[in-house]
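A.B. asks: Below you will find the structure I want to go over with you.
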Amino acid sequence: MGKVFKNGNSLAVTIPKTYAHQLSINAGSEVEWEKTSQGLTLIPQKKIRKAGVDPKFVKMVDEFIDEHEDVLRELSKR
């Protein structure tokens with residue numbers, strides 16, 4: 001379980017080591033918060049390695065890969 005603490009004029013949340021490792025979150029990692037009906041969802045942001053690639057496009061591709069991972073994995077075996 002994480003804890004909330006004061007950090008300047010903001011609140012900060014600790015992330016348990018196990019989850020941070022699984023999600024490749026380190027000190028300085030960029031994350032995005034999304035408000036849901038359940039509360040807040042933490043979304044790690046992947047670094048874009050190629051200049052000129054629209055971050056929205058990268059997000060769409062990541063979502064597509066996440067949604068169709070099983071099919072893509074099977075296609076890669078052919």
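A.B. asks: How do M60, M1 line up, fewest other C-beta atoms within 10 Å first? Each step should come with its number before you reach the end.
C.D. replies: Numbers: M60 11, M1 4.
Going from least to most buried by this count: M1, M60.
A.B. asks: Still on this structure, I have one more. Give me a comma-separated list of calculated 3J(HN,Hα) values for the stretch 21-32, in order, Karplus coefficients 6.51, -1.76, 1.60 applied at θ = phi - 60°, integers in Hz, x for any Gly or Pro.
C.D. replies: Each residue of the stretch 21-32 in turn: 5, 4, 9, 6, 9, 10, 4, x, 4, 8, 9, 10 Hz.
A.B. asks: State the label only: which of (i) 29, 16, 13; (ii) 22, 14, 11; (iii) 32, 14, 8 corresponds to semi-axes √(5λ) of the Cα gyration tensor in Å computed from the shown model?
C.D. replies: Computed from these coordinates, semi-axes √(5λ) of the Cα gyration tensor in Å corresponds to label (i).
A.B. asks: Helix 55-67 against the longest principal axis of the chain: what's the angle in degrees, Cα atoms only, rounded to the nearest 10?
C.D. replies: Its long axis makes an angle of about 70 degrees.
A.B. asks: Per the helix-only calculation at 222 nm, which mean residue ellipticity applies to the chain, given -39500 (n - 2.57) for every DSSP H run of n ≥ 4 and division by its residues, nearest 500 deg cm²/dmol? All intermediate terms of the calculation are to be shown ahead of the outcome.
C.D. replies: On the way: 3 runs with 27 residues, N = 78.
The helix-only estimate for the chain comes to -10000 deg cm²/dmol at 222 nm.
Values quoted throughout were computed directly from the atomic coordinates according to the rules given, and no laboratory measurement underlies them. Fair warning: this is a prediction, and the values are worked out from it, not measured in the lab. Every residue, glycine among them, receives a Cβ derived from its backbone with ideal geometry; neighbour counts consider all protein chains shown.
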